[in-house]
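Below is one structure; the comments refer to it alone.
Since every read-out is calculated from the coordinates, none of them should be taken as a lab result. From a predicted model like this one, the values you see are computed outputs, not experimental measurements. Every residue, glycine as well, gets a Cβ built from its backbone with ideal geometry; the counts of neighbours run over all protein chains shown.
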Amino acid sequence: MAEISVSRRSMLAGGIAAIAAPALPGTGLAQPGLGRALPREFNLAIEHVTLNITGRPRPAIAINRQVPGPVLKFREGEEVLINVANRLREETSIHWHGLILPSGQDGVPGISDGFQGIAAGQTHQYRFPLVQSGTYWYHSHSGTQEQAGFYGPLIIEPTRPDPFGYDRDYIIQLSDWTDENPHRVIQNLKRDPGYYNYNKRTAASLAAELARAPNAAAREAIIRDRMMWGQMRMDPTDIEDVTGYTFLVNGRTPQQNFTAVYRPGETVRLRFINSGAMSHFDVRIPGLEMTVVQAHGNNVQPVTIDEFRIAPAETFDVLVRPTNARQFQILAESMGRQGFASASIATQEGLPMLALPPHRERPLLTMADMGGDYGPKGLDRGTLRPETDRPGQIAPMDMGSMGGMDHSGMTGGGAGGGMQGMDHSNMPGMNHGTSAPSVGRGRGSMAPSSAPAVDHSNMPGMDHSTMPGMGRRSSLASDPGFRLASASLPTASVPGAGGFTLVQARQGQGSMQGMDHSNMPGMDHSNMPGMGQQTAPSRPQGRQNQQPAPRRDQRSAAPAAQDHSAMGHGAPGTGQVGQVDMSAANAHAGHGGMAPPDPFAVNTGAPPGTRVLTYRHLKALSNPYPVREPNRIIEVRLTGNMERYFWAINGNRFSEAQPIVLTLGERVRMRFINETMMSHPMHLHGVWMQPQVGNGAQNPLLHTVSVRPGSTLDVDVEADAEGGWAFHCHMLMHMETGMMRKVEIRRQPRVASAG
Amino acid sequence: MVVEQAPVRLSSASLLPVLTLLGALWAVDAGAQQAASQNAAHDPGAHAASSHELYYGAVLFEKLEWGVGLDGSPNVARWDGQAWYGTDYDKIWLKTQGEVERGRRAENAEVQLLYSHLIGYYWDFQAGIRYDPRPRPDRTYGVIGIQGLAPGLFEVDLQGFVSERGDVSARLELSYDIYVTQRLVLQPNAEINVALQKVPELGVGSGFNDIEAGLRLRYEFTREVAPYIGVNYTRRFADTARYARRENERVASVEFLTGVRLYF
């Protein structure tokens, strides 16, 4: 078997340059127990240390005097005892990220059953069996300690060998280090949400854009776009909340160049773990393709790619096969392009780092990222009492300038129904058939379709435009029939959809008969161009192309050629749309014609032809759960206030929120609706999440699901673990400022008949 | 730092209450920060998995400046600051502003202590008291207002006042940050005062009293410290102007400004 050759080295040298006391080799390493029958015992000591990453010694938190903490190497099937000595001057905790274990051992103070944290000076013993294998990690679940260095890798060896071979095994643990006190970081964000953004749109950049613009129309579009963002009081350059980071691989800076050693011809397993508190990374290894074999600890059908994006808390295991002897560079570029984490793959240790490439263009948020069609609202929220948004948690969208507004239903109690209708109508490019002529504003008749699985023309009552959208919310919420209808869609993948399967448009037409269209979660027509139809050949294009894009998109006459940004901008297309009260510009500005972005599109800014991993590529090799429909849909709207910097779920911060209650044994569908302009990697403790990517029984099992801005994403959860579980965004500052819930899975034999 | 500068510049005993308040606030904030920075791990959020409200505060001096009068206008020292502390929804808010003319008796200063509550995505509702130690006679007011960010990214502070004598007045402050580059910021701002009744002893007429418009160009060395230059124009109207003339003050004045914006 391969061994984790990185462990000792990274532990001892990993970035701790200025520790007062000498490191104690071996204390935290996986020590063989006394006998097979006894649980193996591990000792972890949590301490304040001084860490020098940037040249300034700064306070940090270390585990066994190491940052990252020692590699915990467990074996599937064994039981472990872990003694955690808290030598801090404050409370702490350790959460074993991704592990399936009893709630009481999960390590979230105040949420895990009976666990209130480890008080200063105390030692707490964790004890749990390991029922899984793969790559995981562990970190503090108290305050912002994780940002201060309190994280480490956790590897569980499988009882049966993994279904793929490799010769070398390395952990690539990515993280973000700041010299600032993490608490201060939150304070800075609270008083100025743009505090860390030094890539704002400026007068200078406006002048440059205008100078580059080819004609008056383009200039006008640029000005209009600026005014629109100003009008909305949002910032399209707000990609990363926090900057000033130094990005690390196994605790090492790019200059310290962590090196994975190989001999030509060997297969190297790289276990990527994103332990960044606030950073997404776009990962690539120029010169090598990567075969993803495991995602979030679960083996997947191998898929070969060139790049992937890894959200905080995610893990991906990849295999690489360098055939010749040279130095390769593992590049993990932060999503906001503020820096790289980098490491090397080389035939020997100690080589200097290769020069870092120039940064790719910074992405910009688009109107699409504001979302638009969030689908039906007011579903079951899983809470015991009804829950309403607190004021100040949902961005107002009722500006007069947003012309499409009156259609959109986004004001106040607006509901999805009306927006659904809009979507169909405003998307000439989304005609489900080949090149159906103008659909106009959805006056009922849809063009005949050539795509059998989504042949909406056969559906009775498809008058989208007349749908009573506004104000439907409450009626939906209280309509049990709706739940039934939406929950009983048969699962089937769309033929020909290939790697671009619709997440939600899986229903066969039979089941759609007589269904109120507004209720159909699957009727996400925005995704249509990606349906593998010849008329929509292209995958979403680079976000960087979108800056002056709105105008261009609107004028792109060929509906078929729309790229993703065009969809996002409402794809008003050729002006057929403008026949009523919506000028093209209005359609762009408003949400009326706007489609939600593809929840799975990943745009790393890679050149065309690059294979970029998306959740759709992930096919679980084994799925322990039966294929069945969820018995209800729980709406999880990701909300928050960007201006005051607090975050929430369903319009309530953690401090004011009720738990979401699930019944043991039931299968629920969490419908994530991201109403903010940031990505949120949502992590549910204790149970697996199965995003409905369209792979049926092979939908991947993930512990963290990244939800793009403005998108809607369905995730099924089998509630098979009793107890209290944390459920939160894994952006640390988002969690800390409120984007968190308790999920309670309760035994209720009388009710638990859904399965 | 702010507090130490202020008395030197303004050197007026009448400002003592203001400065005391500011000083206390500063000390609280500095103390908290010091405690926090003693070790990176100290974290009030470390308790009970964030089942808590987080308390944060900030101190902002938008204006801390010296104006050189142009065209015969008097030189003037001016400050305008605010500080707050509390949760996302509920805060204690302290505001102060004032100015001192060199070589003149005319000076004004005010301090407000407000409770602030978030009522919408961009807006705080605020209510509390205002005390003006200058001009004489000193006055106390009840304050009600909203503060926030209007469409177009305008910072807005709209306040209504009722004095202890029952006089009603209002003030609107607007400002806008134009980022010329990532660190160079041009900030136009305007302040308009209106009053329902005339209050001759304070030099306040009824109707539009005065307007103040400024243009400041700051360079953000950090977000915390940003020195600036600028111009400020003040103009009094109607009765207010008449009262000013009677006091031998100017109706309109223009100054060239140098100052520093502080934000902690």
Exercise. Starting from the Cα-Cα distance between B:ALA238 and B:TYR115, subtract it from 0.36 nm times their residue separation and give me the gain in nm to one decimal.
Key: 40.9 nm
Exercise. Could you work out the mean count of beta carbons from other protein chains within 10 Å of each residue's beta carbon in A:220-227?
Key: 0
Quiz item: When the Karplus curve 6.51 cos²θ - 1.76 cosθ + 1.60 is applied with θ = phi - 60°, which whole-Hz ³J(HN,Hα) does each residue of region A:336-343 get, with x for Gly and Pro?
Solution: x, 6, 7, x, 10, 9, 9, 8
Quiz item: With Rg and the Kirkwood Rh both taken from Cα atoms, where does Rg over Rh land for region A:290-359?
Solution: 0.98
Quiz prompt | Amide N of region A:143-184 lying under 16 Å from the label point, which is placed 7 angstrom from the Cα of A:GLU266 along Cα→Cβ | solution = A:165-172
Quiz item: What does region A:189-324 give for Rg and for Dmax, in Å, if only its C-alpha atoms count?
Solution: 20.8, 58
Quiz item: Taking Cα centroids, how far is region A:134-170 from region A:95-111 in Å?
Solution: 15 Å
Quiz item: What's the Kirkwood radius of region B:177-264 in Å, using all Cα pairs?
Solution: 14.5 Å
Quiz item: What is the order of A:VAL242, B:VAL76, fewest Cβ neighbours within 10 Å to most?
Solution: B:VAL76, A:VAL242
Quiz item: Considering the dipole of region A:86-164 built from charges on the beta carbon (Lys and Arg +1, Asp and Glu -1) around the Cα centre, which of A:VAL108, A:THR123, A:HIS97 is farthest to its positive end?
Solution: A:THR123
Practice problem: Treat the count of other C-beta atoms within 10 Å as a stand-in for reagent exposure and order A:TRP725, A:TRP229 from fewest to most. | Solution: A:TRP229, A:TRP725
Quiz item: Using bins 5 angstrom wide from zero, how does P(r) for region B:158-214 break down, in % of all Cα pairs?
Solution: 5, 17, 22, 17, 12, 9, 7, 6, 4, 1
Exercise. Kindly state, to the nearest 0.05, the FRET efficiency for B:PHE154 paired with A:GLU79, given R0 = 51 Å and r defined as their beta-carbon distance.
Key: 0.25
Self-check item: Calculated P(r) of region A:91-239 - Cα pairs past 26 Å, %
Solution: 55 percent
Practice problem: Search the structure for amide H atoms under 5 Å from the amide H of A:ALA260, placed 1.01 Å from N in the peptide plane, and list their residues when 5 or more places away or on another chain. | Solution: A:SER344, A:ILE345, A:ALA346
Quiz prompt | Nonlocal amide H pairs with A:ALA295, under 5 Å, H built at 1.01 Å | solution = A:VAL300, A:ASP317
Quiz prompt | Relative contact order of region A:653-755, defined on C-alpha pairs under 8 angstrom at six or more residues apart (%) | solution = 41 percent
Quiz item: What ranking of A:THR347, B:THR222, A:THR246, B:THR96 emerges when the number of other C-beta atoms within 10 Å of each C-beta is taken as an exposure proxy, fewest first?
Solution: B:THR222, A:THR347, A:THR246, B:THR96
Self-check item: Nearest-0.05 FRET efficiency for A:ASP167 and B:SER175, computed from C-beta distance (R0 56 Å)
Solution: 0.30
Quiz item: How big, in percent, is the set of alpha carbon pairs in region A:100-146 lying more than 16 Å apart?
Solution: 45 percent
Quiz item: Taking Rh as the Kirkwood radius computed over C-alpha pairs, what is the Stokes-Einstein D of region B:132-239 at 20 °C in a medium of viscosity 1.002 mPa s, expressed in µm² per second?
Solution: 137 µm²/s
Quiz item: At a Förster distance of 56 Å, what's the computed FRET efficiency of B:PHE256 paired with A:LEU351, Cβ-Cβ distance as r, to 0.05?
Solution: 0.45
Practice problem: Would you mind telling me the antiparallel percentage of the DSSP bridges in region A:632-746, rounded to 5? | Solution: 70 percent
Quiz item: What does the average come to when, for each residue of peptide A:54-66, you count the partner chain Cβ atoms lying within 10 Å of its Cβ?
Solution: 1
Quiz item: Can you list the HN-Hα couplings for region B:188-205, worked out from phi with the Karplus curve (6.51, -1.76, 1.60; θ = phi - 60°), rounded to whole Hz and with x for Gly and Pro?
Solution: x, 8, 8, 9, 10, 10, 10, 9, 7, 10, 7, 10, x, 5, 9, x, 10, x
Quiz item: Between B:GLU164 and B:PHE221, what is the spin-label point distance in nm, taking each point 7 Å from the Cα along the Cα→C-beta axis?
Solution: 4.3 nm
Quiz prompt | Spatial separation of Cα centroids for region A:68-89 and region A:650-699, in angstrom | solution = 28 Å
Practice problem: Pull out the extension gain between A:ARG226 and A:LEU206, defined as 0.36 nm times the separation in residues minus the alpha carbon to alpha carbon distance; nm, one decimal. | Solution: 6.3 nm
Self-check item: Convex hull volume per residue for region B:53-263, taking Cα atoms only, in Å³
Solution: 120 Å³
Self-check item: Gain in span if fully extended, A:ASN324 to A:ASN43, counting 0.36 nm per residue against the direct Cα distance
Solution: 97.0 nm
Practice problem: Evaluate the relative contact order of region B:53-263 (contact order divided by residue number), counting alpha-carbon pairs under 8 angstrom at least 6 apart; express in whole percent. | Solution: 16 percent
Practice problem: Can you check what the Kirkwood hydrodynamic radius comes to for region A:632-746, Cα pairs only, in Å to one decimal? | Solution: 14.0 Å
Quiz item: Can you list the residues, at least 5 places off or on another chain, whose amide H is less than 5 Å from the amide H of A:GLN692, using H built in the peptide plane?
Solution: A:ASP714, A:VAL715, A:ASP716
